Structure formats: structure tokens, C-alpha cells
Amino acid sequence: MKTDQYTHPDYYGLDELYSDEHKLVRDAARAWVKKEVSPIIDDSYEKAVFPKHLIPGLGEIGAFGPYIPEEYGGPGLDQISYGIIMQELERCDSGLRSTASVQSSLVMYPIWKYGSEEHKQKFLPKLATGEMVGCFGLTEPDFGSNPGGMITNFKEDGDDVILNGAKMWISNSPFADVAVVWAKNEEGRIHGLLVERGMEGFSTPEMHGKLSLRASSTGELIFDNVRVPKSNILPGRSGLGAPLSCLDSARYGIAWGALGAAMDCYDQALRYSQERIQFDVPIGSFQLIQKKLAEMITEITKAQLLTFRLGQLRNEGKATTAQISMAKRNNVEIALNIAREARQIHGGMGITSEYSMMRHMANLESVITYEGTHDIHLLITGMDVTGIPAFARDMT
Ligand code: TGC
Ligand code: FAD
């Protein structure tokens, strides 16, 4: 069996900026990943199944709602610790990080921020340990980048509402116990509803045929006259801003995570360049290989500093949506480029599952699309600097 030799690149001494708690969190996550995930991830990826037996372990390392306060069963860590955990998970596999970031930012976060006290007591402690798993339904078959156009809707009926519609591309949906579903009321206002497995008319078929993020389970959410108690509606916020604020938290975690994938690719490429001999010398002695490695570590270092600073801003409650967009967009792009370059450094071996670059590369094709596509994030930055939204065109 291959051994996981990962060590993180730290060209600018970022470790000196980490607190002892950050390092403890990182060491625990890394040790768990090396012991429990690295030995099985290629098999899960090949079989296209999410390794569900890992869920309690994810809870134990604090990967579910790292910043949720202890009173609700969370570890009560800061935003940088949250980022570090996502980085350690995604440096192994984006699908593993997806499961943790959906649970943390898209399920626990809205319940914590917008749920009633009863919702928090009922769901958060079980979500923190992994006893319960959640998913987040925003995207629909006809509304991806433009979620405000959603069709899924509910109508009042006594103490309940009747929910109809469908969501698509939903991470974790096939085995989730609870779904945070965004739907319109009779006035067209968006609300978050907690839809629980077992409610009549609610089904979650798995989507098959993914060539990316294969170790993550993705499905639909189908609502056929589902009767949901009014008490399951999140009371704290309505409107499109409610789900978009959850995306801020998830995109922040992805910025850290994608950088982890890049760091893993660089770490392997550097080691391989020192071990692989061609023309009687290590390939790392060739200028063209050095160029690739030098450019990789430069991009990783710039992204590490961007991401750490973003973490400080999140801790202070000052990070803007546009700042988060910039980090998500930049880090996924550099990670994809680095995965491709690292694959080339490995020659033919780079296309095998002996090394993780090819898996990272395929995974990152999902990461560059979900949580806002690469171009949507560019437009968010464009809007921020010009003040002019360029998302919609009037075709009349
Ligand atoms: P727009 O008019 O800009 O905004 C509508 C309302 O929302 C407010 N708002 C925010 N509020 C809080 N936080 C934010 N980040 C917010 N951004 C906007 C805004 O102030 C406004 O409020 P109000 O009171 O005036 O109504 O909305 P728009 O319809 O023009 O859309 C803008 C756009 C395109 C940027 C947005 O729709 C967008 O981000 N689209 C991308 C969709 C997306 O990212 N979907 C992700 C689905 S979840 C997922 O992919 C999970 S993958 C998980 C995994 O496995 O890891
Ligand atoms: P579209 O919106 O149809 O975009 C197609 C192309 O058009 C893109 O290149 C896009 O950039 C471009 N485009 C669209 N609008 C504009 C514009 N205004 N200007 C310029 N270009 C534009 N969603 C959830 O709700 N929950 C989940 O858990 C979840 N998990 C996912 C897991 C995976 C593996 C994947 C692949 C997706 C997941 N998604 C989830 C959905 C994801 O968020 C959407 O795929 C994404 O938002 C893009 O929507 P779309 O696929 O409909 O593409």
C-alpha cells in the first residue's frame, strides 16, 4: 500500500502566524486523514461512493461546524481553524471537504443563524457529531447561476405548508437526514425550510455518471405535495440574501480547501522531481521542471497569504462577499493549473491512481463550477469595483 508522505509547503513562514490551537487542529485533522482516508480514497473514487463510515471521524476532528458554539455541540473554533480543517480534508480529496463544508456552512450555519432555538437544540448537536447528515437545496434544473428564479414553492395549509418542486446537483442528498430547502411562498418571497427524511412525497434520488467528485454523493430533491409543518420554516431571515449569506461561509471554506489540493500536488511533484532520474540526473535538475515548481510555489504562497488574511477578516466579521469570491476564484484556478503541471512532472505515472493529481484535477472541475461558477465570481468582483452588476441582460 502506498504511504501518504504529505507535508505542507510553507515558503513564507505562515506557521509563525498560526496559534497553538490552529496547529493542534491541523495536526489532528492531518493525522486522521492519513490514517483513515488516504488508504481508502482511491477505491471510493473508483467505485463512485462516499465512504460513509468516515462520518463519525469527521465529527471527532471538528470538521462539522467548527465555529458553532459549544452550547450547540460545536467545537467553538475560529474561522482560521475552520479553513485549516477544510484545507487538510481537500488536500486529500475535494469530495471529503464537500461533505464537511455542506454540513458546516450550508446546513449548520443557516440553522444557527436563522433557526429557532428549538431548531438549534434539535439539529445542531447531532449534526456536529455526524449522528445526522444534512444537505442544502438551492440549485434547480433551470436555475443554477440565477437561483432567484427558482420555481420550488409552498402554499399554506393550516399549521403546515405544502411544498412542490425539485432541486438538482445536491451534495449529500441521497443519504441526508435533513435538507435545508429554499423555496418561494405565495408572494414569491424565498424562505428556508427544514425538510426531514420520511416526510411523505419527499425523495432524494442519486445522480450517476459523474466523472468528477466521484467520492462524494450527489442527488436530487423532489417534493411532491410534501406537507411540512410551519414550525420547520427558518424564522430568522427570508429573501435571496439568506441562502447567499450561507454561500459566503461555504465559499470561504472552499478557498482554503482548493489551496490544500494545490499544496498536495506541489508536495508530490517536488518529491518526484528529486527521485525520478532521466538522462542520469534527477528531473528536478532540468530548468523546465524548475520553472514549473517555482511557479507553483509562488502561486501557492500568494494564495496562502490571501487566504490567511481573509481568515483574519472573517474572524473580525469584516470579510465582504466580493473578497470571498476573489479568494474562491483565485485559489480554484491556481489549484487546477498546479494539478495539471504536477501531473506533467510525473510523466505517464501522473495519470495513474498511484498519485493524486489526476483525481484532484477532475475534482476541481466541479469545484470551479459549484458555489458560483468561475465567471460568476469574476462578475462579482467586476460589480464590486465598478458598482455595476453585469449578471443579467435585457433581451427585449
Ligand atoms: P442580488 O440582487 O445581487 O441579491 C439579492 C439579495 O441578496 C442580497 N445579497 C446578499 N446577502 C447576504 N450575503 C450575500 N453574500 C449576498 N449577496 C447578495 C442582496 O443585497 C439582495 O438583497 P435585497 O434585500 O436587496 O433583496 O442577486 P442576483 O439575483 O442578481 O444574483 C447575484 C449572483 C449571480 C451573484 C448570485 O445569484 C449568485 O451568487 N449566483 C451563484 C449561485 C451559487 O453560487 N449557487 C451555489 C449553490 S450551493 C452549491 O453549489 C453547493 S456545492 C457544495 C459542495 O459540495 O461543497
Ligand atoms: P449555469 O448557471 O447554467 O451556467 C452555465 C454557464 O453559463 C457557466 O459557464 C456560467 O458561468 C455561465 N453563466 C451563467 N450566467 C451567466 C452570466 N450572468 N454571465 C456570464 N456567464 C454566465 N447546488 C446546491 O444548491 N447544493 C449543492 O449541494 C450543490 N452541490 C453540487 C455538487 C456538484 C458536484 C456540482 C457540479 C454542483 C453542485 N451544485 C449544488 C450546483 C452548483 O451550484 C451549480 O452547478 C452552479 O451554481 C452552476 O449552475 P448550473 O450548473 O446550472 O450552470
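What do you reckon, is I61 surrounded by 20 or more Cβ atoms within 10 Å (Cβ to Cβ) and β-branched (V, I, T)?
yes
Evaluate segment 90-103: report whether one residue or more is farther than 30 Å from K318 by Cβ, surrounded by fewer than 20 Cβ atoms within 10 Å (Cβ to Cβ) and either more than 18 Å from the chain's Cα centre (by Cα) or not small (G, A, S) (or both).
Checked against the condition, which is being farther than 30 Å from K318 by Cβ, surrounded by fewer than 20 Cβ atoms within 10 Å (Cβ to Cβ) and either more than 18 Å from the chain's Cα centre (by Cα) or not small (G, A, S) (or both), segment 90-103 yields no hits at all.
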Looking at the structure I just gave you, is F136 within 16 Å of ligand 1 (Cβ to nearest atom), touching a strand residue (DSSP E or B) at 6+ places or on another chain (Cβ under 8 Å), of a type outside the set (A, V, I, L, M) and in a strand (DSSP E or B)?
yes
As an exercise: evaluate L106 against (1) over 30 Å from P235 (Cα atoms); (2) in contact with a Cys (Cβ under 6 Å, 6 or more places away or on another chain) and give the number of the one condition it does not meet.
(1)
Leading residue by the ranking (farthest from ligand 2 (Cβ to nearest atom)) among those in segment 213-235 that are surrounded by 18 or more Cβ atoms within 10 Å (Cβ to Cβ) and part of a loop (DSSP other than H, G, I, E, B):
L234
Would segment 9-19 turn up any residue that is among the charged types (D, E, K, R) and assigned to a loop (DSSP other than H, G, I, E, B)?
yes
Does E200 fit the bill of being under 23 Å from L240 (Cα atoms), modelled with pLDDT of 95 or more and surrounded by fewer than 22 Cβ atoms within 10 Å (Cβ to Cβ)?
no
Find the residue count for segment 71-104, including only residues that are away from ligand 2 (no atom under 16 Å from the Cβ), assigned to a helix (DSSP H, G or I) and more than 20 Å from S19 (Cα to Cα).
2
Residue list for segment 237-289, restricted to those being more than 30 Å from the chain's Cα centre (by Cα) and part of a loop (DSSP other than H, G, I, E, B)
R276, F279, D280, F286
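The values are calculated or read from the model by the stated rules, or taken from the named source; none is laboratory data. Just so we're clear, the structure is a prediction, and the values are computed from it rather than from any experiment. Cβ sites come from the backbone with ideal geometry, for glycine too, and all protein chains shown count toward neighbours.
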